[in-house]
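The structure under discussion appears below in the form of structure tokens.
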Amino acid sequence: MLHDMLEAIQAKGGQIKPTHLLYKANLSHDALKRYVQELTDGGLVEFRETKRGKVYALTDKGYDFLSQYKQFREFSESFGI
Amino acid sequence: MSHTLVPTYFIKVDLATNVIFFLVTLFVATVAYRHYRFAKREHHLLFSTGFLLISLAHLVLLTTDILVLTGPPTFTVNALLAIADMVTIASILYAISFLSGLVLLLIIYLDIKDHAVRLLLTIMALFGVLASNNLRSMFYLLVAVLLLFILYRLVLNALTLEKTRAWIVVAAFTFIFIGEIMLSLIFLSEGFHIAADIATLGGYLLLLGSQVRT
């Protein structure tokens, strides 16, 4: 789920409005808050105030995590492990 | 194990291919370990250890090739016997490393979780070969069986995923399997050793190619 949320943010250019993330992740408000808290605690996502309003944005660590995860998934899939 | 019947004119090529086999398997082991550190999944740790053992086996072979190439410092009977002893010990070390590596891969593919069963499988594989009267034949027979099981799982994985990368891995293991079958036939003709090295080289290069990022 956490990975799906990170990918949803990346697909939106690296930042996403909370309502959009709620819709994309198909979660309840409370569950979303809990997951976002985990992501911000891990330094993968940060909360920003922009001209467009409040958004969740991927940090450099978040981008790095997604890149590593992609490599991990490709390796695991190719060897079936 | 195979080096004892390497044609003399082919030993430098055999050395070069063993360097490649060693480096490729070490590379796969390193990548798998990096992924283990990222995801902390036991399968990746076992996979890394399995490939590390296979790379050690190739290191033993290439070291033996160097020993045979350089020859003894003096051509006395004792010096030649010492080389022969080292080649025998190297054969056993090679068999232990290679088989243990393959058994670890099989443990992953058969998803064996029980540590006692894992240990039993490893012991049976090693003793089956080392206690055999015909170490060479038993080794190749067992390697072929282990590789067949691994190949079967890899084919199932590729059929499920329908991804090119997975099929490249299947092709790689198929070439390695063919190489091992050919090595078991070198008593018929030394030409099988050359064919085996070519097939195995193809397999390891495909394995490397499967990890090229797009």
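Read-outs throughout are calculated quantities, based only on the coordinates presented, and are distinct from any laboratory measurement. Please read all numbers here as calculations on a predicted model, not as lab measurements. Cβ: placed from backbone, ideal geometry, glycine included. Neighbour counts: every protein chain shown.
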Checklist entry - Under 5 Å between amide H atoms, partner at least 5 residues away or on a different chain: which partners does A:VAL45 have, H built in plane at 1.01 Å? => result A:THR40, A:THR59
Next on the checklist: Under the rule that an exposed site lies in a DSSP loop and has at most 12 other Cβ atoms within 10 Å, name the longest stretch of chain B with no trypsin sites (Lys or Arg not before Pro) of that kind, not counting the sites themselves.
Outcome noted: B:114-212
Checklist entry - What Kirkwood hydrodynamic radius, in Å, does segment B:1-115 give when the mean of 1/r is taken over all pairs of distinct Cα atoms and then inverted? => result 15.4
Checklist entry - How high is the relative contact order of chain A, given as a whole-number percent (alpha carbon pairs under 8 Å, six or more residues apart)? => result 30
Checklist outcome for this item: Looking only at lysines whose Cα falls under 18 Å of B:LYS40's and that sit 8 or more positions away or on another chain, we get A:LYS70, B:LYS113
Item to check | Per-residue ³J(HN,Hα) for segment A:6-16, Karplus 6.51 cos²θ - 1.76 cosθ + 1.60, θ = phi - 60°, Hz, x for Gly and Pro | outcome: 4, 5, 5, 5, 5, 5, 9, x, x, 8, 8
Item to check | Additional length obtainable on full extension of the chain from B:ASP85 to B:SER189, 0.36 nm per residue less Cα span | outcome: 35.0 nm
Item to check | Two-decimal ratio, chain B, of alpha-carbon radius of gyration to 2.2 N^0.38 Å | outcome: 1.04
Checklist entry - Within straight cross-link reach of A:LYS51, meaning Cα distance under 17 Å, which lysines are found once same-chain residues fewer than 8 apart are removed? => result A:LYS12, A:LYS17
Checklist entry - In the Gaussian network model of chain B, springs joining C-alpha atoms below 10 Å, which of B:PHE51, B:PHE38, B:PHE149 carries the largest mean-square fluctuation? => result B:PHE38
Checklist outcome for this item: Highest GNM mean-square fluctuation among B:SER97, B:SER55, B:SER132, for chain B with Cα springs under 10 Å, belongs to B:SER132
Checklist outcome for this item: Exposure proxy check on B:LEU105, B:LEU80: fewest-to-most Cβ neighbours within 10 Å is B:LEU80, B:LEU105
Checklist entry - With all pairs of different alpha carbon atoms counted, what Kirkwood hydrodynamic radius in Å does segment A:2-79 show? => result 12.9
Item to check | Order of B:VAL129, B:VAL13 - criterion: other Cβ atoms within 10 Å of each residue's Cβ, fewest first | outcome: B:VAL13, B:VAL129
Checklist outcome for this item: Per-residue Cβ contact counts at 10 Å, fewest first, order B:PHE192, B:PHE173, B:PHE98 as B:PHE192, B:PHE173, B:PHE98
Next on the checklist: Which residue, B:LEU53, B:LEU156, B:GLY128, has the largest displacement toward the positive end of the dipole of segment B:2-209 when charges sit on each Cβ (Lys, Arg +1; Asp, Glu -1)?
Outcome noted: B:LEU156
Checklist entry - Taking only DSSP H segments of four or more residues, each worth -39500 (n - 2.57), what value at 222 nm results for chain B once the sum is divided by all its residues, to the nearest 500 deg cm²/dmol? => result -28500 deg cm²/dmol
Next on the checklist: Is there a quick way to get the dipole size of segment A:2-79? I mean about its Cα centre, with the Cβ of Lys and Arg at +1 and of Asp and Glu at -1; what is the value in debye to the nearest 20?
Outcome noted: 440
Next on the checklist: Need the full-extension length gain, B:LEU156 to B:LEU120, defined as separation in residues times 0.36 nm minus the C-alpha distance. One decimal, nm.
Outcome noted: 10.4 nm
Checklist entry - For the charge dipole of the protein assembly as shown, defined by +1 on Lys and Arg C-beta atoms and -1 on Asp and Glu C-beta atoms about the Cα centroid, which residue among B:VAL19, B:ALA95, B:VAL169 has the Cα displaced farthest towards the positive pole? => result B:VAL169
Checklist entry - Anyone know which of B:ILE112, B:ILE20, B:ILE54 comes out most mobile in the 10 Å Cα GNM of chain B? => result B:ILE112
Item to check | Of A:GLN10, A:HIS29, A:TYR69, farthest towards positive along the dipole that unit charges on Lys, Arg, Asp, Glu beta carbons give segment A:2-79 | outcome: A:HIS29
Checklist entry - If contacts are Cα pairs under 8 angstrom and at least 6 residues apart, what is the relative contact order of chain B in percent? => result 22
